[in-house]
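Asks: Take a look at this one; I'll ask things after.
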Amino acid sequence: MKEKNKNLLLKDILGRLPYYNFRVRYGNKNYTPLGYGVGRIQLLDSPVMSFVSECPLVEHVKPYLRPMSSMTDDERKELSKILNYEFYIDDDFALVAEDDRHRIRLDLLEVCIDWLNEHMFDYRDLIEKGLALEAPHDMY
């Protein structure tokens, strides 16, 4: 795996560690990531376990993420409230204000990214790059 992709994958995984519903695939099994150190991801068999099951290199793990196109109307409304304006997702999966010229304030950007992470949306196109798996509907 290219270093650029490895770093992108690591940034994405680390940003999602606080969320209990975040799952990854390693080998032929699903895990809950716990932490990171020395190039390895600590994995739990389930979110209620207290001991580490596996510690593979980050490049051997694939997170389960949701395509931006899977955002429901209710989720779009929830994110619109956070951003304080109505938006739609364009063909490039960009958030666009209904008036096509609205700017997002930087203080709202952090809240927006946290929300996207919590809901497991793939805003970095990791699925398309082969670095993540599309989450089945029963994972969200």
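Asks: With angles folded into 0 to 90 degrees, how steeply does helix 106-118 sit against the dominant principal axis of the chain? Use alpha carbons for both and round to 10.
Replies: Once rounded, one gets 50 degrees.
Asks: Calculated from DSSP H runs of 4 or more alone, at -39500 (n - 2.57) each and per residue, what is the 222 nm mean residue ellipticity of the chain, nearest 500? Working shown, then result.
Replies: Values: 3 runs with 38 residues, N = 140.
That calculation yields -8500 deg cm²/dmol at 222 nm.
Asks: Tell me, what HN-Hα J-couplings in whole Hz come from the Karplus equation 6.51 cos²θ - 1.76 cosθ + 1.60 at θ = phi - 60° for each residue of region 29-42, using x for Gly and Pro?
Replies: 9, 9, 9, 9, x, 10, x, 9, x, 6, x, 10, 9, 7
Asks: Specify whether the C-alpha gyration tensor of the chain places it in the rounded, prolate or oblate class, a ≥ b ≥ c being the square roots of the eigenvalues: rounded for a/c under 1.5, otherwise prolate if a/b is larger than b/c and oblate if not.
Replies: On the way: a/c = 2.12, a/b = 1.89, b/c = 1.12.
Prolate.
Asks: Check residue 42: other-chain or 5+ apart residues with amide H under 5 Å from its amide H, H built from backbone geometry?
Replies: Under 5 Å from the amide H of residue 42 lie the amide H atoms of 34, 35, 36, 37, each far enough along the sequence or on another chain.
Asks: Give a residue-ordered list of calculated ³J(HN,Hα) values for region 74-84 (Karplus: 6.51 cos²θ - 1.76 cosθ + 1.60, θ = phi - 60°; whole Hz; x for Gly, Pro).
Replies: Result, ordered by residue: 5, 5, 4, 5, 4, 5, 4, 5, 4, 7, 6 Hz.
Asks: Given the pairs 2/77; 6/29; 4/81; 6/81, which are separated by over 26 angstrom at their Cα positions? Intermediate results must be reported in sequence, preceding the final value.
Replies: On the way: 2/77 37 Å; 6/29 21 Å; 4/81 34 Å; 6/81 34 Å.
Check vs 26 Å cut-off fails for 2/77; 4/81; 6/81.
Asks: A further question on this structure: Cβ under 9 Å from residue 117's Cβ, residue 117 left aside: what net charge do those residues give with Lys, Arg +1 and Asp, Glu -1? Mind showing how you got there, number by number?
Replies: On the way: positive: 16; negative: 12, 114, 118.
So the environment of residue 117 carries a net charge of -2.
Asks: Also: Using a cut-off of 13 Å between beta-carbons, work out the net charge of the residues near residue 1 (Lys and Arg +1, Asp and Glu -1, residue 1 not included).
Replies: Details: positive: 2, 4, 6, 62, 129; negative: 3, 59.
Here the count lands on +3.
Asks: In nm, to one decimal, how far is the residue 5 label point from the residue 138 one, both placed 7 Å along Cα→Cβ?
Replies: It is 2.9 nm.
Asks: Then there is this: Output ³J(HN,Hα) for region 17-25: one whole-Hz value per residue in order, computed from phi by the Karplus curve 6.51 cos²θ - 1.76 cosθ + 1.60 with θ = phi - 60°, and x for Gly and Pro.
Replies: Computed from phi, the couplings for region 17-25 are 4, x, 9, 4, 8, 6, 10, 10, 10 Hz.
Asks: Another one. What residues qualify as long-range amide H neighbours of residue 23, i.e. H under 5 Å apart, gap of 5 or more or another chain, H built at 1.01 Å from N?
Replies: Excluding prolines and chain starts, which carry no amide H, the hits are 64.
No lab work stands behind these numbers, since they all come straight from the coordinates. From a predicted model like this one, the values you see are computed outputs, not experimental measurements. Positions of Cβ are generated from backbone atoms using ideal geometry, with glycine treated the same way; all protein chains shown enter the neighbour counts.
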